[in-house]
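The values are calculated or read from the model by the stated rules, or taken from the named source; none is laboratory data. Quantities reported herein were computed from a predicted structural model and do not represent experimental measurements. Quick reminder, even Gly has a Cβ in these numbers, built from the backbone with ideal geometry, and neighbours come from all protein chains shown. Accessible surface areas use protein heavy atoms only, side chains included; no ligands, DNA or RNA. Shrake-Rupley method; radii C 1.70, N 1.55, O 1.52, S 1.80 Å.
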Amino acid sequence: MSKAVGKTGDAQNGAPLFGSNILHLAFCVVGVVGSLLLYGVLQERIMTIPYGVGENAEVFKYSLFLVFCNRAVAATIAAITLVIKGKTDELKPVAPILSYASVSLSNVVATTCQYEALKHVTFAVQTLGKCAKMFPVMIWGYFILKKRYTMRDLALAVCITGGCFIFFMTGNTTSRIAQDKNSSMFGVMLMMGYLSADGYTSTFQQKMFKGYQMTSYNQVLYVSLCSLALSSFGLITSGQLSATLAFVARHPDALSAMILLSCASSCGSLFISYTIKSFGALVFAIIMTTRQFLSILLSSLFFGSPLTGGQWAGTGVVVAALYYQSATKGDGHAKEKDAKPEPAPKNAAGRVSLSGVGTTNSTSGDHARDEETAAVQPLLVGQQR
């Protein structure tokens, strides 16, 4: 019988990892929030603060190289994890390479748009804008997974999008390095590109989990390898590779920050996976909502980007809607069209789940897949975002 999601401790025997559940939860919170706050700070530092001083000061502009670094670290961690776990058979592709490549392409586009947006809008706009991904996810879910959504889902999407709109309209949203002070609209367009591509990424990931017997690490490995190929192709053909190497030669501390950013992203994904496995998706969602608010607050304090009263109000609307969504998780979830049972994953009777829940033909099986997708997503996109 599958173990219930949300039990603390080791998923295999139910024994607490620590003597106290409070300490266990604190360990997870510090790991997730600490890693992703560091990721956010480094992201803003790399993309918006000049390296060098005086006439030699210059801003890093090559987003594809950041994508390359992130995917290199992610692929390395995924491969090492599979070897340590003794799942060397998972080092081979489970799904067709084109399926991995499809997720990879949308993932590279999403991540590049995310980094590029910081050239035009503030970090707070970028972070809050990621919360508005409900509409793209719902649209992709409708067409790819044949899902139907409730009025509660639509109302939440409207509230979150409305909060983002309030934020955008009530204060400065232009990046400190924007050459054109009116370029924030282009930054918003980049975030819309991010939301669309990221919505496709997470939806197609879920479809792959449902259609094939694969662990998250197998998917991370091959999607990251495809992303390495795509980002390398982009760097070479656009001439960014030589420019990037020249930049890091002039500013070695920039390369150190990029490597640290990639490690923070990957460490965050591991803590996210462990948190979902130990406490379930509800606790994880609450932690991530808190982290988003703290990221905006830290950016405002650390980089001197104060928000207006209206922007804090917009942030409050978004955060409140996300907390409500977390608190009511499991009520009114989208249902599959005609409530038809899902076909068994290809080449297997079951599937490994990071959440510790076995795949079944019940609703709990759907939640297990959703949680596994949530666990792998930050490793692919970073932001959880």
Open item on the list: Which count do you get for residues in segment 304-328 that are surrounded by fewer than 16 Cβ atoms within 10 Å (Cβ to Cβ) and either modelled with pLDDT under 85 or part of a loop (DSSP other than H, G, I, E, B) (or both)?
Closed with: 5
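For residues that are among the small types (Gly, Ala, Ser), within 16 Å of LEU98 (Cβ to Cβ) and buried (at least 17 other Cβ atoms within 10 Å of the Cβ), tally how many sit in segment 225-267. Even if it seems obvious, please write down each step before you answer.
As a first pass, look at segment 225-267 and keep what is among the small types (Gly, Ala, Ser): 227, 229, 231-232, 234, 238-239, 242-243, 246, 249, 254, 256-257, 262, 264-266.
Now drop any that are not within 16 Å of LEU98 (Cβ to Cβ), which leaves 227, 229.
Checking which are buried (at least 17 other Cβ atoms within 10 Å of the Cβ) leaves us with 227.
Qualifying residue count, segment 225-267: 1.
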Task: Enumeration of residues in segment 153-181 that are modelled with pLDDT of 90 or more, in contact with a Leu (Cβ under 7 Å, 6 or more places away or on another chain) and in a helix (DSSP H, G or I) - done: PHE167
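Rundown of residues vs (1) outside any loop (DSSP other than H, G, I, E, B); (2) of a type in the set (S, T, N, Q); (3) at pLDDT 90 or above; (4) in contact with a helix residue (DSSP H, G or I) (Cβ under 6 Å, 6 or more places away or on another chain), yes/no style:
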{"residue": "LYS7", "(1), (2), (3), (4)": "no, no, no, no"}
{"residue": "GLY34", "(1), (2), (3), (4)": "yes, no, yes, no"}
{"residue": "VAL41", "(1), (2), (3), (4)": "yes, no, yes, no"}
{"residue": "LEU64", "(1), (2), (3), (4)": "yes, no, yes, yes"}
{"residue": "LEU82", "(1), (2), (3), (4)": "yes, no, yes, yes"}
{"residue": "GLY86", "(1), (2), (3), (4)": "no, no, yes, no"}
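Yes or no, residue by residue, for (1) under 15 Å from the mean Cα position of the chain (by Cα); (2) closer than 17 Å to ALA78 by Cα:
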| site | (1), (2) |
| --- | --- |
| SER242 | no, no |
| LEU245 | no, no |
| PRO252 | no, no |
| MET258 | no, no |
| ALA264 | yes, yes |
| ALA285 | yes, no |
| THR289 | yes, no |
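Among what's in segment 18-57 and is small (Gly, Ala, Ser) and within 29 Å of THR111 (Cα to Cα), pick the residue that is surrounded by the most Cβ atoms within 10 Å (Cβ to Cβ).
Step one: list which residues in segment 18-57 are small (Gly, Ala, Ser), which gives 19-20, 26, 31, 34-35, 40, 52, 54, 57.
This time we only want the ones that are within 29 Å of THR111 (Cα to Cα), so: 31, 34-35, 40, 52, 57.
Values: GLY31: 18, GLY34: 15, SER35: 22, GLY40: 26, GLY52: 13, ALA57: 11.
Per the stated criteria, the residue is GLY40.
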Task: Of all residues in segment 139-152 being part of a helix (DSSP H, G or I) and open to solvent by 70 Å² or more (accessible area, probe 1.4 Å), the one that is modelled with the highest pLDDT - done: MET151
Task: Single condition LYS207 does not satisfy, out of (1) under 21 Å from TYR115 (Cα atoms); (2) at pLDDT below 90; (3) under 21 Å from the mean Cα position of the chain (by Cα) - done: (1)
Open item on the list: So if I check each of LEU297, LEU225, LEU270, which one is closer than 30 Å to PHE65 by Cα and free of Cβ contacts under 8 Å to residues at least 24 places away in the same chain?
Closed with: LEU297
Open item on the list: If I go through segment 63-103 residue by residue, how many of them are among the charged types (D, E, K, R), open to solvent by 60 Å² or more (accessible area, probe 1.4 Å) and within 30 Å of ALA117 (Cα to Cα)?
Closed with: 0
Task: Failed item, numbered, when ILE272 is tested on (1) modelled with pLDDT under 90; (2) open to solvent by 10 Å² or more (accessible area, probe 1.4 Å) - done: (2)
